[in-house]
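Below you'll find the structure, written out as structure tokens, and then a few comments.
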Amino acid sequence: MAIVLSVSGSPSVSSRTAKLLRHLDARLARQGHEVIPLDVRTIPAEALLGADFQHPAIVEAAELFARADGVVIGTPVYKAAYSGVLKALLDLLPQYALTGKTVLPLATGGSAAHVLALDYALRPVLNSMGAAHIVQGWFTLDKDITTGPDGSVTVAPGTAEALAQVVDQFSSALGSGHLLAATG
């Protein structure tokens, strides 16, 4: 199947965004995809903020993007936009780092007022980076993501169903694109 890079753009160690992504990664893995998690917050700040294109962590991140058939981009929404650490990473990747890739944008936030951040802030950047296909994304309210004492993640029922649907659409699009790349 496909290689999926699952990118968490949250700067927080206790990020609901990252926990939600890892929860969704498990679904993709059960569907046969190889999933590689990348938490942008683990890339050294001096590399991101100093725009050090040659830093080993930036080079490695660029290589992960290059290897991937599909990319899941998850971000918390702050002030109606995606996170600054995600912006810093995307700025350091090659201009067309998403060329030929299927992309699933996801966002989390405290208010439904931020739901349009996916379409008006993140999607244009992903498109400008050459994404072959950006599937329908999903915005999840923070209150709909619960973490248990054992680290398990529970998503509110209605949200869980919607997320399963967008992840399955992404998975199907990966399958189609992967087959087209193999035969084309």
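The values are calculated or read from the model by the stated rules, or taken from the named source; none is laboratory data. Bear in mind that the values here come from a model prediction, so they are computed numbers and not experimental data. Because the Cβ atoms are built from the backbone with ideal geometry, glycine has one as well, and the counts that use them run over all protein chains shown. When the accessible area is computed, the model is the full protein with side chains, heavy atoms only, and any ligands, DNA or RNA have been set aside. Shrake-Rupley method; radii C 1.70, N 1.55, O 1.52, S 1.80 Å.
Side notes on the structure shown:
- Computed helical MRE - 222 nm, the chain, DSSP H runs ≥ 4 contributing -39500 (n - 2.57), nearest 500: -12500 deg cm²/dmol
- Here the Karplus curve 6.51 cos²θ - 1.76 cosθ + 1.60, taken at θ = phi - 60°, turns the phi angles of segment 153-166 into couplings of 10, 10, 10, 3, x, x, 5, 4, 5, 5, 5, 4, 5, 5 Hz, with x standing for Gly and Pro.
- Solvent-accessible area per residue in the chain equals 48 Å², computed with a 1.4 angstrom probe and all protein chains kept.
- Between LEU141, ALA68, GLY32, the Cα set farthest toward the positive side of the dipole of segment 1-154 (charges on each charged residue's Cβ, about the Cα centre) is that of LEU141.
- Backbone HN-Hα couplings from phi across segment 133-143 [Karplus 6.51/-1.76/1.60, Hz, Gly and Pro as x]: 8, 9, 6, 4, x, 8, 9, 10, 5, 3, 5
- Cα pair distances in segment 19-60, grouped into 10 Å bins until the bin that holds the longest one, percent each: 26, 34, 29, 11
- The chain: relative contact order in percent, alpha carbon pairs under 8 Å with at least 6 residues between: 23 percent
- Charges were assigned to the Cβ only: +1 to each Lys and Arg, -1 to each Asp and Glu. The resulting dipole of the chain about its Cα centre is roughly 260 debye.
- 5 angstrom amide H check on PHE139, placed H, neighbours 5+ away: ALA107
- Amide H to amide H, with H built 1.01 Å from N, ILE134 comes under 5 Å of VAL103, counting only residues 5 or more places away or on other chains.
- Environment charge at LEU38 (Cβ cut-off 13 Å; Lys +1, Arg +1, Asp -1, Glu -1): -1
- The slack in the chain from GLU63 to THR42, taken as 0.36 nm per residue of separation less the alpha-carbon distance, amounts to 6.0 nm.
- Percent carbon-and-sulfur accessible area, the chain, ignoring ligands, DNA and RNA, probe 1.4 Å: 58 percent
- The overall shape of segment 1-125, judged from the alpha-carbon gyration tensor, is rounded, with an a/c ratio under 1.5.
- Taking 1.306 mPa s as the viscosity and 10 °C as the temperature, the Stokes-Einstein diffusion coefficient of segment 80-184 based on its alpha-carbon Kirkwood radius rounds to 104 µm²/s.
- Among ASP150, ASP119, ASP25: highest mean-square fluctuation, GNM of the chain, C-alpha pairs under 10 Å: ASP150
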